[in-house]
Amino acid sequence: MNVFGVDIGGSGIKGAPVDLERGDLAEPRHKVLTPQPATPSDVAGCVAQVVEHFGWSGPVGVTFPGVVTGSTVRTAANVDKGWIDVDAAALLGERLGGLPVTVLNDADAAGVAEMTYGAGRGRTGTVIMLTFGTGIGSALFVDGRLVPNTELGHLELNGREAEKHASTRAKEDKDLSWEEWAHRVRKYLAHVEMLFSPELFIVGGGVSRKAEKFLPLINNVRAEIVPARLQNNAGIVGAAMAAARG
């Protein structure tokens with residue numbers, strides 16, 4: 001069964017039909033740049049572009065980079081603050097001509113996909129998925145069950161939000177080497193480990209495609225650290241899974 005997933009990020013909005021039997025994209029994804037500012041209306045228009053690119057007419061799952069309760073956005077750290085208190089499913093459903101839309105936190109979606117099809121499959125205990133990109137998203141699982149909307153990228157590290165220090169954007173903005181950035185990521189992982197004592201960290205986001213450049217440089221963390229198997233498609237797959245559940 002194919003279901004459509006869309007992943008809204010701070011820099012790009014990407015989507016594709018997903019084959020839920022395989023847990024992979026059924027067609028190559030289509031991506032557009034996230035509008036700046038990323039207002040609800042403009043982002044909704046971009047989501048519609050992605051969905052219409054495939055001529056899709058069924059349920060759509062959409063991830064959002066912030067806390068989502070029910071279908072209402074509660075935080076918007078890396079998009080326009082106008083999103084706060086918006087019923088995202090209603091807004092996007094209207095823009096998509098009445099298609100049924102399910103909305104959830106982006107890292108939660110990626111984590112659910114990895115726990116079902118990827119690096120977390122069959123794992124018990126405490127598992128934390130971290131997505132490194134414009135910010136740092138997190139998904140916390142205890143014996144396979146999601147604790148939603150953890151937002152661990154906003155933990156304080158070195159006197160500021162961790163994602164301002166150790167996200168992929170921080171690496172790019174400060175032109176950090178892989179070694180310099182890995183040192184920041186190690187400090188962040190050690191802090192999260194001190195708080196939650198996970199058995200496994202799954203590192204996702206676009207940077208997971210280059211895991212060999214930085215994961216071997218991270219030491220003094222007890223938990224196992226692995227790259228996301230679905231890499232930067234995990235959010236799309238997780239969004240489609242949420243839409244299939246309704």
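Throughout, read-outs are computed from the coordinates displayed, never taken from laboratory work. Note that the structure is predicted; figures quoted are calculated from it, not measured. Here the Cβ positions follow ideal geometry from the backbone for every residue, glycine too, while neighbour counts run over all protein chains shown.
For this structure, a couple of remarks:
- Cleavage-rule hits, trypsin sites (Lys or Arg not before Pro), region 1-45, DSSP coil, Cβ neighbours within 10 Å at most 13: ARG22
- This ranking places ILE225, ILE84, ILE218, ILE128 by how few other beta-carbon atoms lie within 10 Å of each, fewest first, which gives ILE84, ILE218, ILE225, ILE128.
- In order along region 220-230, the Karplus-derived 3J(HN,Hα) couplings, from 6.51 cos²θ - 1.76 cosθ + 1.60 at θ = phi - 60°, round to 6, 10, 6, 5, 5, 10, 9, x, 5, 6, 7 Hz, and Gly and Pro are given as x.
- Pairwise Cα inverse-distance average, inverted: Kirkwood Rh of region 1-91 (Å): 13.4
- Once C-alpha pairs closer than 8 Å and six or more residues apart are averaged by separation and normalised to the residue number of the chain, the relative contact order reads 23 percent.
- Considering only alpha-carbon pairs that sit under 8 angstrom and 6 or more positions apart, the relative contact order computed for region 1-60 is 36 percent.
- In terms of surrounding Cβ atoms within a 10 Å radius of their Cβ, ASP87, ASP106, ASP175 rank from fewest to most as ASP175, ASP87, ASP106.
- For ALA228, distant residues with modelled amide H under 5 Å away: VAL203, GLY204
- Inter-part distance where region 169-211 and region 24-54 are each reduced to a Cα centre, Å: 27
- Sequence-ordered 3J(HN,Hα) estimates for region 88-102 from the Karplus curve with 6.51, -1.76 and 1.60 and θ = phi - 60° stand at 5, 5, 5, 4, 5, x, 5, 5, 8, x, x, 5, x, 10, 10 Hz, glycine and proline given as x.
- Gyration tensor (alpha-carbon) shape descriptor, region 1-153, a/c threshold 1.5: oblate
- Exposure proxy for THR102, THR126: other Cβ atoms within 10 Å of each Cβ, ordered fewest to most, give THR126, THR102.
- Modelled label reach - TRP178, point 7 Å along Cα→Cβ, region 97-140 residues with backbone N closer than 18 Å: 132-133
- For LYS81 and SER41, the FRET efficiency from 1/(1 + (r/R0)^6), where r spans their Cβ atoms and R0 equals 22 Å, is about 0.95.
- Ellipticity estimate at 222 nm from DSSP helix runs (n ≥ 4, -39,500 (n - 2.57)) divided over the chain, nearest 500: -9500 deg cm²/dmol
- On Cα atoms only, tilt of 234-245 relative to the major axis of the chain in degrees: 50
- Rh by Kirkwood over Cα pairs, then Stokes-Einstein D for region 119-231 at 1.002 mPa s and 20 °C, µm²/s: 154
- Eligible lysines near LYS171 by straight Cα distance, threshold 23 Å, same-chain separation 8 or greater: LYS14, LYS31, LYS187, LYS210, LYS213
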